[in-house]
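The values are calculated or read from the model by the stated rules, or taken from the named source; none is laboratory data. Model, not experiment: these values are computed from the prediction. With ideal geometry, Cβ positions are generated from the backbone for all residues, glycine too; neighbour counts draw on all protein chains shown.
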Amino acid sequence: MSAVLRIELLLFSLLFFVYIIRSVNKNIFLLKNAIRWLFISASLVLCAIFPKLPEWLGKKLGFETTSNFLLIAAIFVLLFIEIKNSALLSKQQNQLKLLIQELSMLKDKKEKK
């Protein structure tokens, strides 16, 4: 990895880290939801500082090139995040449905009195 690319990756990952921290401070993100993004940002910083790390890991896992390894790793991370978000959305939809039903029952009970 060239020095320019390493510097760009380091700057991008640090800016990403700062953005996530500021979003948590402004209550845009909950901290528990931002932790995964902070972890991804820290991983990017490590890859920028130690470019041999993803290369070594990719070779150990049998990938021909580091870019193939990083692409597959990114796909799996984003797939995992999407599955977690879908599960959370389903849970919230069920909770919303229950709240609507309870509210309807309370309104009906109040109207009958």
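Taking the range 27-53 as the search range and keeping residues that are of a type in the set (Lys, Arg) and closer than 19 Å to residue 81 by Cβ, which one is surrounded by the fewest Cβ atoms within 10 Å (Cβ to Cβ)? Break it down stepwise before answering.
From the range 27-53, those of a type in the set (Lys, Arg) are 32, 36, 52; that's our starting set.
Restricting the remaining residues to those that are closer than 19 Å to residue 81 by Cβ gives 32, 36.
Numbers: 32: 8, 36: 14.
Of everything passing the filter in the range 27-53, 32 is surrounded by the fewest Cβ atoms within 10 Å (Cβ to Cβ).
Answer yes if at least one residue in the range 14-23 is hydrophobic (A, V, I, L, M, F, W, C), under 24 Å from residue 65 (Cα atoms), surrounded by 13 or more Cβ atoms within 10 Å (Cβ to Cβ) and not assigned by TED's automatic domain parsing to the domain that holds residue 71, and no otherwise. First the steps, then the outcome.
Taking the range 14-23 first, the residues hydrophobic (A, V, I, L, M, F, W, C) are 14-18, 20-21.
Subsequent filtering for residues that are under 24 Å from residue 65 (Cα atoms) retains none.
So far as the range 14-23 goes, no, none of its residues is hydrophobic (A, V, I, L, M, F, W, C), under 24 Å from residue 65 (Cα atoms), surrounded by 13 or more Cβ atoms within 10 Å (Cβ to Cβ) and not assigned by TED's automatic domain parsing to the domain that holds residue 71.
Return yes or no: is residue 57 aliphatic (A, V, I, L, M), modelled with pLDDT under 95, in the same structural domain as residue 4 (by TED's automatic domain parsing) and more than 20 Å from residue 4 (Cβ to Cβ)?
On the way: aliphatic (A, V, I, L, M): yes; modelled with pLDDT under 95: yes; in the same structural domain as residue 4 (by TED's automatic domain parsing): no; more than 20 Å from residue 4 (Cβ to Cβ): yes.
When the stated conditions are applied, residue 57 does not pass them.
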